[in-house]
């Protein structure tokens, strides 16, 4: 079995993410934003904000040939947000929040979830280091599925049941339906995207209709990222 784990190490203005196959993904602060640098190809991705428009600016450069591969610019912050919301269509059909067929929703308590994973040995945290094992996560989930009492205890600890109105008035963006059949992505305009948990595959590929996401995905091209 391939062991899939990652380690995040912080060092001042640099973050190094150690991936399977002795691959490293670096994130470095720049004067205008941040640079994202994989070690398995020569492509760099930068993210900076345009002071005049308030919109993010992206480009990827092949440092070996000093040739820009892709560049995305937005004329305004509204233009950027419009494209990103369009990309969210990969999650499912856009609909008014009050059309969600559920009496209540599950809201994830991220702090409690992190505590549970740490206790289970799935991840380790310190001031400058975060280690996470996908292999151990899968094993932990399998144990929960086989033990109903532990599963109920886990769900009660990391998920809070909230009424729909309370959910839509909150600042939270991600929810699950009562039976965890669907993931609900809440937009700030009163609409939601509902993604069936039976079909979560290739969501990011479908989101590549957004230019900025497509540019980010190019970081993992040539060669394709795999474990």
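Where a number appears in this text, it was derived from the coordinates with a stated rule and is not lab data. On a predicted model such as this, the values are computed, not experimentally measured, just so you know. Positions of Cβ are generated from backbone atoms using ideal geometry, with glycine treated the same way; all protein chains shown enter the neighbour counts.
Highest GNM mean-square fluctuation among 209, 126, 32, for the chain modelled with Cα contacts below 10 Å: 126. Dimensions of the range 24-90 based on its C-alpha atoms, expressed as ranges along the principal axes with the largest first, amount to 34, 30, 21 Å. Provide the FRET efficiency to the nearest 0.05 for the residue 71-residue 28 pair, computing r from the beta carbons and using R0 = 25 Å. FRET efficiency, residue 71 to residue 28: 0.80. Relative to the current alpha-carbon distance between residue 115 and residue 52, full extension at 0.36 nm per residue lengthens the span by 18.5 nm.
Helical content of the chain, expressed as a calculated mean residue ellipticity at 222 nm, amounts to -7500 deg cm²/dmol (DSSP H runs of 4 or more residues, -39,500 (n - 2.57) each, divided by residue number, nearest 500).
The three principal axes of the Cα atoms in the chain give end-to-end lengths of 57, 41, 31 Å, sorted in falling order.
For the chain, the relative contact order works out to 21 percent when only alpha carbon pairs closer than 8 Å and six or more residues apart are counted. Going from the residue with the fewest nearby Cβ atoms within 10 Å to the one with the most, 175, 180, 57 rank 180, 57, 175. Subtracting the Cα-Cα distance of residue 62 and residue 214 from 0.36 nm times their residue separation leaves 53.1 nm of extension gain. For the range 94-126 versus the range 18-79, the spacing of their alpha-carbon centroids is 30 Å.
Springs join every pair of Cα atoms under 10 Å in this Gaussian network model of the chain, and among 94, 155, 108 the largest mean-square fluctuation is at 155. Projected label points at residue 206 and residue 126, each 7 Å from Cα along the beta carbon direction, are separated by 4.2 nanometres.
Binning all Cα-Cα separations of the range 91-192 at 10 Å, short to long from zero, yields these whole-percent fractions: 13, 39, 29, 18, 1.
Using the Cβ-Cβ distance between residue 108 and residue 85 with R0 set to 25 Å, the FRET efficiency works out to roughly 0.70.
Here each label is just a point 7 Å from Cα along the line to Cβ, and for residue 95 and residue 134 those points are 3.1 nm apart. When the chain is treated as a Gaussian network with alpha carbon springs shorter than 10 Å, the biggest mean-square fluctuation among 148, 71, 95 belongs to 148.
Quick one: pull the percentage of alpha-carbon pairs in the range 54-112 with a separation above 16 Å. Percentage above 16 Å: 70.
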